Amino acid sequence: DASVLLYLGWTPETFYVAGIVTDDEQVARFHESQIYRDDCLEVFWDLDRDGFRFDGNPRDVQIGLAPSGKPETTWELWAWGALNQRPDDVQVAVRQQGRRALFELGIPLKHLPGVAVDGPVRFSVAYHDRDADGKEAKLHWSVDTASIPGAILFGQMTLSGHEAAP
């Protein structure tokens, strides 16, 4: 009863994540650093490619976007790891359309050290779906939790570049 359509892009200064989250019901009981416990889109980077750990390593970055449940704002943003706060310089826009939320994130590459043209980094995206009746599931792209104890390995992402026209 939930799905995510995702688009990725970049400029020399910013990494972009955009898409559509479709969910039959939005559950938003938790806020700030706890938003991952309810409906939440999560984007992960393991920038040193040694396995993602939830230990504050500045080379392991996780950013979440979740419905807020607050009337003054529709969705809220949080970054875990080294930032562990709502990042003020990450651009976010969400437009709610019934069961669908169209979203855009613009993450300054200064928060993603090591993301560069033609350089692979480990990357993943997940959507945690919680329903009001307590049922939950997590859609996760490319995760291996068995190879390195205590760490999560993600698939690899490489930014492809192009030369400027003369």
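Need the full-extension length gain, His31 to Gln85, defined as separation in residues times 0.36 nm minus the C-alpha distance. One decimal, nm.
Working: separation 54, 0.36 × 54 = 19.44 nm, distance 1.13 nm.
Result for the pair: 18.3 nm of gain on full extension.
Extension gain for Leu8-Asp133 works out to 41.7 nm (0.36 nm per residue, less the C-alpha to C-alpha distance). Would any residue of region 96-130 have its amide N under 15 Å from a label point 7 Å out along Cα→Cβ of Asp144? List them or say none. Residues 121-124 fall inside that zone.
Ligands, DNA and RNA left out, the 1.4 Å accessible surface of region 51-166 is 51% carbon and sulfur atoms. For region 118-139 and region 49-99, write down the distance between their C-alpha centroids in whole Å. Centre-to-centre distance over Cα atoms comes out at 12 Å. Each 5 Å bin from zero holds the following percent of Cα-Cα pairs in region 1-89: 3, 13, 21, 23, 21, 13, 5, 1, 0.
For a quick check of your reading of the filter: which trypsin sites (Lys or Arg not before Pro) in region 103-166 sit in a DSSP loop and have no more than 14 other Cβ atoms within 10 Å? Display every interim value, and only then the final one.
Working: sites: Lys110, Arg122, Arg130, Lys135, Lys138; in loops: Lys135.
Of the trypsin sites (Lys or Arg not before Pro), the ones in loops of region 103-166 whose Cβ has at most 14 other Cβ atoms within 10 Å are Lys135.
Applying both filters, DSSP loop and at most 10 other Cβ atoms within 10 Å, to the GluC sites (Glu not before Pro) of region 61-166 gives Glu72, Glu163. Each peptide among 94-100, 38-44 gets the average number of other Cβ atoms lying within 10 Å of its residues, and from highest to lowest they stand as 38-44, 94-100.
Starting from the eigenvalues of the Cα gyration tensor, five times each then square-rooted, give me the equivalent ellipsoid semi-axes of region 44-106, largest first, whole Å.
Details: eigenvalues 137, 28, 19 Å².
Computed over region 44-106, the values are 26, 12, 10 Å.
Of the peptides 78-89, 19-30, the order by per-residue mean of other Cβ atoms within 10 Å, starting with the highest, comes out as 19-30, 78-89. For Gln26, what is the net charge nearby, where nearby means another residue's Cβ is under 11 Å from its Cβ and Lys, Arg count +1, Asp, Glu -1? Net charge in that neighbourhood comes out at -3. Derived from the Cα gyration tensor, the three semi-axes of the equivalent ellipsoid of region 69-138 are 26, 17, 13 Å, largest first.
Coupling constants for region 100-111 follow from the phi torsions by the Karplus curve (6.51 cos²θ - 1.76 cosθ + 1.60, θ = phi - 60°), and in residue order they are 9, 10, 8, 9, 9, 10, x, 9, x, 5, 5, 7 Hz; glycine and proline get x.
The values are calculated or read from the model by the stated rules, or taken from the named source; none is laboratory data. Bear in mind the structure is a predicted one, so any value in this text is a computation, not a measurement. Cβ coordinates were reconstructed from backbone atoms using ideal geometry, including for glycine residues, and neighbour counts include every protein chain displayed. Ligands, DNA and RNA are excluded from the accessible area calculation, which covers all protein heavy atoms including side chains. Shrake-Rupley method; radii C 1.70, N 1.55, O 1.52, S 1.80 Å.
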